[in-house]
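Heads up, the thing below is written out as structure tokens.
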Amino acid sequence: MIRIYHAPLMRSIRIIWLAEELGLPYEVITVESQRRTSDAWKAMHPQGKLPVMEDGDLRMIESCAMMQYLLDRYGRGALQPSPGTPEAAHYLQWCWFAESSFARPLGDMAQHTIIRPESERLPAVVEDGRARAEICLGAVEAHMRDKSFLLGDDFSAADIVLGWTLHLASVFDVLTGESAPLTYAYSQRIHARPAAQAALSA
Ligand SMILES: N[C@@H](CCC(=O)N[C@@H](CS)C(=O)NCC(=O)O)C(=O)O
């Protein structure tokens, strides 16, 4: 059984969404914020973060690595292009962009608005994060000009990776119908999928 350690709004949404798309059985374990500061949780995740995923004896941190594992182990070629092809190059590029470029400034915004205690929050970091996130959003908006999904006509796991990032971007009002209309419509479209709805309500 795949076990997904989860809390609302967190990247564990990506793993639940993918498991739903692939029709995989899984169990969600909700981890309250107090538990994440415990030594027991730090033994599960070295940074005390989420998500954590277990599949039998295997335990993983890093949401995109978990997704790639599930695709390779159970996906039978679904939701990702064949490795080594130009399509796979773009697939990898957008997965990495969504996590290592776009999610980073949004994470800084989250740290300094929600996560850290009020006394440690720096408004300048939030504003800087917003400006950096807007540049990333601009790149997605330009890309979506002639596409239904990141890779063209077909939905892929890269849309799930970016889907969570866009969800966070909407929470912080970086992504709106005015700021990036094409990306907004794309985000609405992918989040209307039953698998995304199941993940968002987990
Ligand atoms: N690159 C990591 C990022 C993990 C991460 O930042 N997780 C966030 C939730 S989405 C977290 O646990 N934040 C709480 C904190 O930083 O205290 C991944 O993709 O799994």
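The values are calculated or read from the model by the stated rules, or taken from the named source; none is laboratory data. Not measured: the values here are computed from a predicted model. Virtual Cβ from ideal backbone geometry, glycine too; neighbours counted across all protein chains shown.
Determine which member of the set Ala65, Ala7, Ala110, Ala89 is more than 15 Å from Gly163 (Cβ to Cβ), within 16 Å of the chain's Cα centre (by Cα) and without any contact (Cβ under 8 Å) to a residue 24 or more places away in the chain.
Result of the check over Ala65, Ala7, Ala110, Ala89: Ala65.
Condition first: within 14 Å of the ligand (Cβ to nearest atom), in contact with a helix residue (DSSP H, G or I) (Cβ under 9 Å, 6 or more places away or on another chain) and assigned by TED's automatic domain parsing to the domain that holds Tyr184. Can you find one or more residues in segment 126-140 that meet it?
yes
Within segment 44-58, is even one residue assigned by TED's automatic domain parsing to the domain that holds Lys147, more than 15 Å from the ligand (Cβ to nearest atom) and of a type outside the set (Val, Ile, Thr)?
No, segment 44-58 has no match at all.
Can you give me the number of residues within segment 116-137 that are within 21 Å of the chain's Cα centre (by Cα) and surrounded by fewer than 13 Cβ atoms within 10 Å (Cβ to Cβ)?
Total meeting the criteria: 2.
Do we have any residue at all in segment 161-172 that's out of contact with any Phe, Trp or Tyr (no Cβ under 9 Å at 6 or more places or on another chain) and over 13 Å from Ile13 (Cα atoms)?
yes
Working only within segment 150-197, note down all residues that are within 14 Å of Glu20 (Cα to Cα) and loosely packed, with under 15 Cβ neighbours inside 10 Å.
Ala192, Pro194, Gln197
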